């Protein structure tokens with residue numbers, strides 16, 4: 001039952017978000033209003049969810065046991081950053097139910113994502129598609145919620161790198177820092193793209209980097225390296241995971257499957273077409289995203305199998321589905337030029353659909369199955385599925 005319900009909810013959500021994003025192009029008042037509908041839909045669906053995301057219950061527990069905390073109590077408890085503490089405090093102050101708390105978090109994520117790309121043509125259509133159909137919204141955005149807010153703020157802040165406005169960029173970084181300590185990593189990134197140019201412009205070299213990373217992930221002892229940086233990891237807010245680092249590196253996380261190979265083929269396709277894509281979009285935002293994307297793919301392969309290291313690079317890996325969205329947009333608008341472009345477009349679309357099919361098929365085993373907060377009769381079933389998932393890992 002949950003598989004069918006999840007498929008219906010996520011499919012309708014995706015279709016409506018993409019359709020409204022399509023109709024919102026332009027400067028008319030109606031178009032601008034339509035641009036807000038995907039934000040409201042995303043907020044509603046994921047604010048009212050129950051048990052979607054492995055950390056959902058942890059956040060619910062946090063909300064319960066901080067009910068009587070004052071704002072100073074929350075700030076003194078070093079586990080919470082200031083921005084997140086304010087959300088907790090205000091929700092408790094107005095006696096809001098927990099789904100309002102989750103709605104605010106979902107709203108902040110999608111709002112900053114929308115603001116980051118609303119001026120980038122029709123990119124939002126494809127971003128919404130890849131965000132939901134890849135399962136990233138359900139398994140990442142609804143899991144590491146605070147860090148994803150910070151990551152979405154970072155995406156929004158790229159405009160200030162493009163416009164050579166360092167103060168505004170660093171203010172965005174400060175805002176991101178109030179949601180997750182790891183945002184301290186973002187401050188020096190301004191100087192990398194200060195000239196508004198992509199640093200990576202040699203596709204064959206970039207392909208070699210990605211391929212080498214794919215090989216390197218099987219030979220690098222990251223567990224030994226991790227323990228040399230205990231203090232840095234604590235500073236970034238990940239010390240809670242250090243006791244589990246050994247198990248995070250085990251369990252066969254580095255095995256390569258069919259989907260990994262197809263994904264590698266798509267990334268390779270993007271890399272080998274990167275010059276044409278940069279010429280087509282003529283966007284400094286895309287140039288920056290592409291550089292981050294290459295770093296994300298390389299580090300993603302090298303760190304594969306480590307939850308801790310995977311979270312350290314979220315600010316980079318959060319761009320992967322977005323660059324795939326850019327590729328879909330580029331190929332969609334150029335696929336009539338020749339058959340090769342059409343088959344590339346079809347290949348990526350089929351992969352996205354396959355991702356979605358696999359996600360929905362296994363959604364009861366990965367906490368992605370959708371249950372509403374108000375479907376109380378299904379909460380026990382969802383909790384049991386979550387416990388089974390935790391036991392397997």
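Being in a helix (DSSP H, G or I) and closer than 23 Å to residue 162 by Cα is true of residue 286.
Do we find a residue being assigned to a loop (DSSP other than H, G, I, E, B) and either at pLDDT below 95 or within 15 Å of residue 110 (Cβ to Cβ) (or both) anywhere in the range 152-161?
Scanning the range 152-161 turns up no residue that is assigned to a loop (DSSP other than H, G, I, E, B) and either at pLDDT below 95 or within 15 Å of residue 110 (Cβ to Cβ) (or both).
Residue 16 meets the conditions (1) under 14 Å from residue 146 (Cα atoms); (2) surrounded by 15 or more Cβ atoms within 10 Å (Cβ to Cβ) in every case but one. The failed one is (1).
A single entry from 300, 368 fulfils the requirement of being surrounded by 21 or more Cβ atoms within 10 Å (Cβ to Cβ), outside any helix (DSSP H, G or I) and either under 16 Å from the mean Cα position of the chain (by Cα) or modelled with pLDDT of 95 or more (or both): 368.
Here residue 309 meets the list (1) surrounded by fewer than 20 Cβ atoms within 10 Å (Cβ to Cβ); (2) in a helix (DSSP H, G or I); (3) touching a helix residue (DSSP H, G or I) at 6+ places or on another chain (Cβ under 9 Å); (4) at pLDDT below 90 almost entirely, failing just condition (1).
Taking the listed residues 104, 148, the one that is closer than 16 Å to residue 43 by Cα, surrounded by fewer than 21 Cβ atoms within 10 Å (Cβ to Cβ) and modelled with pLDDT of 95 or more is 104, with no other qualifying.
Of the residues 349, 295, which is in contact with a helix residue (DSSP H, G or I) (Cβ under 9 Å, 6 or more places away or on another chain), under 15 Å from residue 206 (Cβ atoms), assigned to a helix (DSSP H, G or I) and free of Cβ contacts under 8 Å to residues at least 24 places away in the same chain? One residue alone meets the criteria, 295. Considering only the range 332-342, I want to know if a residue exists there that is buried (at least 21 other Cβ atoms within 10 Å of the Cβ), touching a helix residue (DSSP H, G or I) at 6+ places or on another chain (Cβ under 7 Å) and either outside any loop (DSSP other than H, G, I, E, B) or modelled with pLDDT of 95 or more (or both). Within the range 332-342, not a single residue is buried (at least 21 other Cβ atoms within 10 Å of the Cβ), touching a helix residue (DSSP H, G or I) at 6+ places or on another chain (Cβ under 7 Å) and either outside any loop (DSSP other than H, G, I, E, B) or modelled with pLDDT of 95 or more (or both). Can you find a residue in the range 192-214 that is under 16 Å from residue 293 (Cα atoms), outside any helix (DSSP H, G or I) and free of Cβ contacts under 8 Å to residues at least 40 places away in the same chain? Taking every residue of the range 192-214 in turn, at least one turns out to be under 16 Å from residue 293 (Cα atoms), outside any helix (DSSP H, G or I) and free of Cβ contacts under 8 Å to residues at least 40 places away in the same chain.
Here's the yes/no breakdown for (1) modelled with pLDDT under 95; (2) surrounded by fewer than 20 Cβ atoms within 10 Å (Cβ to Cβ); (3) part of a loop (DSSP other than H, G, I, E, B):
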position: 37; (1), (2), (3): no, yes, no
position: 41; (1), (2), (3): no, yes, no
position: 44; (1), (2), (3): no, yes, no
position: 54; (1), (2), (3): yes, yes, yes
position: 58; (1), (2), (3): yes, yes, no
position: 68; (1), (2), (3): yes, yes, yes
position: 74; (1), (2), (3): yes, no, no
position: 79; (1), (2), (3): yes, yes, yes
position: 87; (1), (2), (3): no, no, no
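Residue by residue through the range 16-35, note down the ones that are free of Cβ contacts under 8 Å to residues at least 24 places away in the same chain and either outside any loop (DSSP other than H, G, I, E, B) or in contact with a strand residue (DSSP E or B) (Cβ under 6 Å, 6 or more places away or on another chain) (or both). Those that are free of Cβ contacts under 8 Å to residues at least 24 places away in the same chain and either outside any loop (DSSP other than H, G, I, E, B) or in contact with a strand residue (DSSP E or B) (Cβ under 6 Å, 6 or more places away or on another chain) (or both): 19, 20, 23, 29, 30, 31, 32, 33, 34.
The values are calculated or read from the model by the stated rules, or taken from the named source; none is laboratory data. On a predicted model such as this, the values are computed, not experimentally measured, just so you know. Positions of Cβ are backbone-derived with ideal geometry, glycine not excepted, and every protein chain shown enters the neighbour counts.
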